[in-house]
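Have a look at the structure below before the remarks.
No value in this document is a laboratory result; all are computed from the given coordinates. What you are looking at is a predicted structure, and each value in this text was computed from that prediction instead of being measured.
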Amino acid sequence: MTYKTAGKRIFVIGILVMMVLVFSKPVYAAEENGNVQTQEMAENGDSAGDRAMAAALVVGLAAAAGAVGMGIAISKSSEGISRQPEAEGKIRTTLMLGLVFIETAIIYALIVAILIIFVM
């Protein structure tokens, strides 16, 4: 399996999971502040569970995409170093800079998740 086909499969699975989460209706009774709500109230109201699910989805997808990106970057840099050992320093520096940018995107997703939980 190549990186392109694996990336496409992960992307399609992620889209399918998001569609299921977005288009599925809650069929459970939500409990908030000790009061059991009916299904109609749970569908119309904004519950803490919905915010938690959105935050988990944001962080989970960002972390998964970041992990795949980091794995591909490390693999390609290892290939580059093995092909041109004299360019090891430049390749390693570029790799570290790229990994920092990928990790920054994941941290931004964590900040968005925190904002979803506490502000919205």
If you plug each phi of region 103-120 into the Karplus form 6.51 cos²θ - 1.76 cosθ + 1.60 with θ = phi - 60°, what whole-Hz ³J(HN,Hα) values come out, in order, with x for Gly and Pro? 5, 5, 4, 5, 5, 4, 5, 5, 5, 4, 5, 5, 5, 4, 5, 9, 9, 7
Show me, for region 47-63, the HN-Hα J-couplings you get by feeding each phi into the Karplus relation (A = 6.51, B = -1.76, C = 1.60, θ = phi - 60°), rounded to Hz, glycine and proline as x. 9, 5, x, 5, 5, 5, 5, 5, 5, 5, 5, 4, 5, x, 5, 5, 5
